[in-house]
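Participant: Sharing a structure below in structure tokens format, with a few things to ask.
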Amino acid sequence: MMIKRGLLSLIMFTVVFTSVVVFGNGPATASEDKEAKADKYFNLSNVEEIVVKFKEGVNLSYEDGAQRELASKKDRELSSTFSEFPDLKVNRLFTIFDKQSKVKQNKAKAVFHNYFTIPVPKGADAEKLLNSLNRSELVEEAYPKLEAAEPTLATNTTPVQSSNDPNFIYQGYANAAAQGINAPYAWQYEGGDGKGISYYDIERGWALNHEDLVAHSVPFLAGGTNASTSANHGTAVLGVISAVDNTIGNIGLANKAQPHVASYERGASTKIAEAIILAADDLDPGDVILLEVQVSGNAAGWLPVETWDAEYDAIRYAVSQGITVVEAGGNGSVNLDAYQSYSGKNVLNRNSPHFRDSGAIMVGAGSDTYPHTRLSFSNYGNRVDAFGWGTDVHTLAASDTTSTTGYQSGFSGTSSASPIVTGAAISLQGIAKAEFGNAYQPYQLRELLRNTTYNTPTDSPSTDQIGYMPNLENIIDNLPTPIIDTTAPSQPTNFTSTTQTASSIYLAWDIATDNVAVDHYELWRDSVLIATLSSNFYADLGLTPSQTYNYTVKAVDPMNNKSLPSNLSVSTSSGNTVTVYYKKGFATPYIHYRPAGGTWTTAPGVAMPASEVAGYNKYTVNIGAATSLEAVFNNGSGTWDNNGGSNYFFSVGTSTFNAGVITAGVPVNNTVTIYYKRGFTTPYIHWRPEGGTWTTAPGQAMANSEVAGYSKVTLTIGSAARAEVCFNNGSGTWDSNGGSNYFFNAGTSTFDSGTITAGTP
């Protein structure tokens, strides 16, 4: 089969470029220039026709037999040519035009009237005729009409013999679309069997001496543990991709690629990111890593491994080195669009401002029959790029790491889907490397496998949301040139903050441009990467009031070329504050608090210092954009007042807390001074702020005043307007106003024989 225009243009470029390098002459003078055009890049002895483009202004009638009109132009070189070749014919090149056509009125087509064709007379020297035509002052260019052919991919030099692998008939996932990925179509071409590409399978265990693998002499990455309990899984994965073409059993989708394995069980602990980094360092650009692992996290089911931050960064590292990473999407039935990280961000939703792209090809699981549907266990969402069979996959089997034979027909899950997609990726890399000398960059390869025109959809792509299954025939027939891109995107402009609150800053910038495409933006705050974005806006939340933050945004293309940075400094607003005056109930009170709906302080909270108001402690909290403060109090040693489990809520501004009662404003510390005309030798006053709590009987003794015959006491009644009082002798004799008690207004009063008057005696 043929590849189309993208490849044709590259081959044409390659021919020209190679010609210049290999055959090109040194500097030529102007007189030498046209002679140089006839250099024997091709054998001209068999040329039967020469195409001539005449210069603008020659204005030949566009008809066959134009040699008579041309001869009348009196060009010295052409006159000599016609003398030497008297039978020369000059005809139209484009038979769709003639002298009656209105091409001259159509400027875009006018140029085609300048093209004629000259058949080379029998026995004539085509090269001599070509040189003669090119010396004419009327001719812009004369060139031989040589053979044209559609370019083809190179035939595989190591043909795959699938017919003698007895289990190949059971490997439906290799069949033509729409059932499978059409691996045999890729096998026709050099590299389509994976030749020239290496890959790593990262999981826990394998039987590397299996009869259908042993010929690969699979390298095992040092430092890992080959777990026997996982040998069946790993052997099955390798079988889908790398079962040897050997007449024994199965045949791998990319059977001539070099497999490597790396266990993420390293030193008796799980070290997936470490295995990814080491594997990437052991591979070359264009090679592939397959991640056959799913992880638990902030969801009810299994998740893709990149939801762990260290693994995400390790994948990005591998991709930045030109390594394509294929990642199992996981068998958790999780809607990845709705998944949120522990920080509450939709990191796997391409439409979220918090989306972060590892660069991996994420794989979902579809049915083995057409029309394909998403299997119920498969994770799904717009982050999933491609799917493979997630059930009934025929491949190798093993009981432990020492197994040398074994086959199975029920391998399933995103575990079986991922090596199918990996096999397709390796085949395409092998073909690209053989045809173009360069493999695809990870992002370009991912876009080929995501392509909705080339690949096989599920029955309902919009609801299944597991991407498309690779169709190698369609991709190969439309094979693009690998992009070798070193051009960075344009610098993002108009970087600005649209809104600021006490705890948030909203940012926006103009969309950058790139010669290929802008893949994403990196947003940095105070030199720390905080987001990888597909959009050109971001809401930075959970910030500190009245603080200045320094932001940087860079545009990044699929080849990881980064633009010049755009920088912005912006401050949060001062925010809302709450001031609490606390009536001492604890010797050293602590306040444990949070902005309503926010994050609590670490228990026991913060010690409240003494305030300027006697008897009160005071603490002020900036609650940002929140509208209230939720708080409880304690003594710092485990004794709490939390309002019976309901906590206390303080509005923005200043509040006073006194014995469980919250009032707005600073404490009102009213006092009552009483001069008491002695009726008792040592009078006692038993009292309370009106409506408040009584002193313990008999109360407090009243000291002698500066006024003879009177005792005196000053009472602090807080915000109360009056003090409620009765008197006694400290030994059980009481004056309680006949049970009605006495009431003294704030200020100074005199008591004499049951009568209360304002002021001093």
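Here, each number is a calculation from the coordinates, and none is a lab measurement. Predicted model, so just to flag it, every value in this text is computed and none were measured. All Cβ positions, even for glycine, are placed from backbone atoms using ideal geometry, and neighbour counts span all protein chains on display.
Participant: Counting Lys and Arg as +1 and Asp and Glu as -1, what is the net charge of the other residues whose Cβ lies under 15 Å from the Cβ of Leu541?
Facilitator: Details: positive: Lys345, Arg525; negative: Asp540.
Taking every Cβ under 15 Å from that of Leu541, the sum is +1.
Participant: Could you put Lys122, Lys145 in order, starting from the residue whose Cβ has the fewest other Cβ atoms within 10 Å? Intermediate results must be reported in sequence, preceding the final value.
Facilitator: Values: Lys122 7, Lys145 15.
The order, fewest Cβ neighbours first, is Lys122, Lys145.
Participant: May I pose another question? Past the 31 Å Cα-Cα mark, which pairs from Lys74/Lys99; Lys55/Lys128; Lys53/Lys433; Lys89/Lys109; Lys256/Lys562?
Facilitator: Numbers: Lys74/Lys99 22 Å; Lys55/Lys128 21 Å; Lys53/Lys433 39 Å; Lys89/Lys109 24 Å; Lys256/Lys562 36 Å.
Check vs 31 Å cut-off fails for Lys53/Lys433; Lys256/Lys562.
Participant: Sort Met702, Met362 so that the residue with the fewest other Cβ atoms within 10 Å of its own Cβ comes first and the one with the most comes last.
Facilitator: Working: Met702 20, Met362 30.
In increasing order of surrounding Cβ atoms, one gets Met702, Met362.
Participant: Quick one: which residues, 5+ away or cross-chain, put their amide H under 5 Å from the amide H of Thr373? H built at 1.01 Å from N.
Facilitator: Those lying under 5 Å, H to H, from Thr373 are Ser367, Asp459.
Participant: What does DSSP give for region 162-477 in terms of the percent of beta bridges that are antiparallel, rounded to the nearest 5?
Facilitator: Values: 10 of 34 bridges.
Roughly 30 percent of the beta bridges in region 162-477 run antiparallel, per DSSP.
Participant: Whose amide H sits under 5 Å from the amide H of Tyr468, counting only residues 5 or more places off or on another chain, with H placed in the peptide plane?
Facilitator: Here the answer is Ala386, Phe387, since their amide H atoms fall under 5 Å of that of Tyr468.
Participant: Continuing with the same structure: Given region 330-460, what percent of its DSSP beta bridges are antiparallel, to the nearest 5?
Facilitator: So the antiparallel bridges in region 330-460 amount to around 45 percent.
Participant: Kindly write out, for region 51-56 in residue order, the coupling ³J(HN,Hα) from the Karplus curve 6.51 cos²θ - 1.76 cosθ + 1.60 (θ = phi - 60°), rounded to whole Hz, with x marking Gly and Pro.
Facilitator: Residue by residue, region 51-56 yields 9, 10, 10, 7, 5, 4 Hz.
Participant: If you don't mind, another one. Take each of the peptides 676-686, 415-425, 737-747, 188-198, average the number of other beta-carbon atoms within 10 Å over its residues, and list them starting from the highest.
Facilitator: Numbers: 676-686: 17.5, 415-425: 29.8, 737-747: 14.2, 188-198: 23.9.
Ranked by mean Cβ neighbours within 10 Å, highest first: 415-425, 188-198, 676-686, 737-747.
Participant: Charges at C-beta only: +1 for Lys and Arg, -1 for Asp and Glu. How large is the resulting dipole of the chain about its Cα centre, in Debye rounded to 20?
Facilitator: With only Lys, Arg, Asp and Glu charged at Cβ, the dipole is about 2680 debye.
Participant: While we're looking at this one, here's another question. Taking every DSSP beta bridge that has both residues in the chain, what percent is antiparallel when rounded to the nearest 5? Before the final figure, lay out the partial values.
Facilitator: Details: 105 of 139 bridges.
Here the antiparallel bridges make up roughly 75 percent for the chain.
Participant: Have a look at Ala314, Ala424, Tyr264 and report the one farthest towards the positive end of the charge dipole of the chain, computed about the Cα centre with Cβ charges (Lys/Arg +1, Asp/Glu -1).
Facilitator: Ala314
Participant: Also: Test of understanding: ordering Ile248, Ile756, Ile505 by Cβ neighbours within 10 Å, fewest first, what list do you get? Write out the running numbers ahead of the final one.
Facilitator: Numbers: Ile248 18, Ile756 15, Ile505 23.
The fewest-first ordering by Cβ neighbours comes to Ile756, Ile248, Ile505.
Participant: If contacts are Cα pairs under 8 angstrom and at least 6 residues apart, what is the relative contact order of the chain in percent? Show your work: numbers first, answer last.
Facilitator: Details: 1836 pairs, mean separation 61.4, N = 761.
Relative contact order here is 8 percent.
Participant: About the Cα centre, and with charges only on the beta carbon of Lys, Arg (+1) and Asp, Glu (-1), how big is the dipole of region 670-758? Nearest 20 debye, please.
Facilitator: That gives a dipole near 60 debye.
Participant: Oh, and also: On a full-extension model of 0.36 nm per residue, what is the gain between Lys73 and Lys99, subtracting their alpha-carbon distance, rounded to one decimal in nm? Each step should come with its number before you reach the end.
Facilitator: Details: separation 26, 0.36 × 26 = 9.36 nm, distance 1.83 nm.
Roughly 7.5 nm would be gained on extension.
Participant: If you don't mind, another one. When a/c reaches 1.5 or more, the comparison of a/b and b/c decides; with that in mind, is region 162-477 rounded, prolate or oblate per its Cα gyration tensor? Intermediate values should be presented prior to the final figure.
Facilitator: Values: a/c = 1.36, a/b = 1.16, b/c = 1.18.
Rounded shape, in that the Cα axes give a/c under 1.5.
Participant: Calculate, in nm to one decimal, what Leu541 and Glu84 gain on full extension: separation in residues at 0.36 nm each, minus their alpha carbon distance.
Facilitator: On the way: separation 457, 0.36 × 457 = 164.52 nm, distance 8.59 nm.
Taking 0.36 nm per residue and subtracting the Cα distance, the gain is 155.9 nm.
Participant: Summing Lys, Arg as +1 and Asp, Glu as -1, what charge do residues with Cβ under 10 Å from the Cβ of Asn515 carry, Asn515 excluded?
Facilitator: Details: positive: none; negative: Asp485, Asp514, Asp557.
So the environment of Asn515 carries a net charge of -3.
Participant: Something else about it: Please list, in order along region 201-215, the HN-Hα scalar couplings obtained from phi with the Karplus expression 6.51 cos²θ - 1.76 cosθ + 1.60 (θ = phi - 60°), rounded to whole Hz, x for Gly and Pro.
Facilitator: 9, 9, 7, 10, x, 7, 9, 6, 9, 4, 4, 9, 10, 4, 5
Participant: Can you tell me the dipole magnitude for region 162-477 around its Cα centre, using point charges on the Cβ only (Lys, Arg +1; Asp, Glu -1), in Debye to the nearest 20?
Facilitator: Values: 14 positive and 32 negative charges, 107 e Å.
Dipole size: approximately 520 debye.
Participant: Cβ under 13 Å from Thr373's Cβ, Thr373 left aside: what net charge do those residues give with Lys, Arg +1 and Asp, Glu -1?
Facilitator: Working: positive: Arg374; negative: Asp368, Asp459, Asp464.
Computed value for this residue: -2.
Participant: I'm checking a number: the convex hull volume of the Cα atoms of the chain, normalised per residue, in Å³. What is it?
Facilitator: Values: hull volume 215.3 nm³, N = 761.
Here the figure is 283 Å³ per residue.
Participant: Out of residues 5 or more away from Thr577 or on other chains, whose amide H comes under 5 Å of its own, with H placed 1.01 Å from N in the peptide plane?
Facilitator: Ile623, Gly653
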